[in-house]
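The values are calculated or read from the model by the stated rules, or taken from the named source; none is laboratory data. All of these numbers come straight from a predicted model, not from anything done at the bench. With ideal geometry, Cβ positions are generated from the backbone for all residues, glycine too; neighbour counts draw on all protein chains shown. Surface accessibility is based on the protein's heavy atoms, side chains included, excluding ligands, DNA and RNA. Shrake-Rupley method; radii C 1.70, N 1.55, O 1.52, S 1.80 Å.
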Amino acid sequence: MDKRYQVFVSSTFTDLKEERKAIIEGLLNAKYIPSGMEMFSASNDEQFKYIKKIIDTCDYYVLIVGARYGSINPSTGKSFTEQEYDYAVEKGIPVLAFLHDDPYNLPVEKRDDENRELLENFRDKASDGRMCKMWHTSSELISSVIISLVEEVANNPQMGWTRGSIEDSVELLTQINELRIKLDEKEKQIHSLQKALKEYTDMPDDLACGRDYYKIVGMKEVYNGTDGYGHKKYKDEKRVKEMTWDAIFSAFAPYLFSYVNYESFSSALKKGINSVIDNESFFGSINEDCIQTIKIQLNALGLIEVAPKKSTGMGVIEFIKLTEKGKTYLLKLKSVKKG
């Protein structure tokens, strides 16, 4: 009967995924059964419970350490890689450790400099009381893992797995590995899209926005009788209207899909607000301070862009238009929903 040994391969993932892939293929070719985070990665305590069950079924534990400490479990303060190692030691599973001989000269994307002390402590722990192999290149690492494992099996054989008949499928486990990598890439894309959507829809917590109210102040010329010659007299009457920032923005933002100058911005603001109030002559004019405040606030919220641009014959003047976030937010406010 043919006996096969199951080997758990533990390491950080992003920086060592090519090395892991090569090691797993090498183990398969050498008739071992590899296990590792390609098939099940720990990212929280619940998932780590499952990882422990997998480690329980393994005969040997291979630890690969580069220049990254790895994702830290907030409930323990340790990386999930170190937790895997600690559990394997606790269960008495033979450990083979392979440490990079010059980790801090690796490219910056393969390093974890902010956690250097944690990494050094982990390297010291992994090499305490056992022989560790050092590696520099991927080819050195792969051959060292296979040779060391053959020696360990000869000197310290474990229970292993026995099959009546067995067909190794390098292709199948390679596909699982590749699918895990693709899934990781898709999750990163989803995270990036979620972040972009959040930037387009969320508003700063410390700024008035949305359903917060703002008091708009302006003037309107109103009829004030006639003079001694029968001429009509007018006087300026102060007008005040409180509106939410959402109502203000949705009232005049449709006029800003292309760049407009400040005069057109002011005109669109007055026209849009009068239209929302359902009184096209409520404001004859809006106070300059209110216009400037609205402009600055919407710019701070990321809904409009205020930029100096060259104007024919007029030098550099201020132009205003919606940002992409502003367009998205306007569609959210103005689009007609079912029902």
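Quick notes on this one:
- Meets criteria (modelled with pLDDT under 90, out of contact with any Cys (no Cβ under 8 Å at 6 or more places or on another chain) and not hydroxyl-bearing (Ser, Thr, Tyr)) for Glu305: no
- Within region 59-75, considering residues that are open to solvent by less than 10 Å² (accessible area, probe 1.4 Å) and not small (Gly, Ala, Ser), the one farthest from the chain's Cα centre (by Cα): Tyr60
- Among the residues examined, Ser41 does not qualify as open to solvent by less than 30 Å² (accessible area, probe 1.4 Å), at pLDDT below 90 and not in a loop (DSSP other than H, G, I, E, B).
- The residue of region 270-297 that is farthest from Asp246 (Cα to Cα), among those that are in a helix (DSSP H, G or I), β-branched (Val, Ile, Thr) and open to solvent by less than 30 Å² (accessible area, probe 1.4 Å), is Ile291.
- Pick from region 314-332, criterion over 26 Å from the mean Cα position of the chain (by Cα) and open to solvent by less than 100 Å² (accessible area, probe 1.4 Å), ranking: modelled with the lowest pLDDT: Gly315
- Pair list, Cβ under 6 Å, 6 or more apart: region 105-122 residue in a helix (DSSP H, G or I), other residue small (Gly, Ala, Ser): Lys110/Ala67
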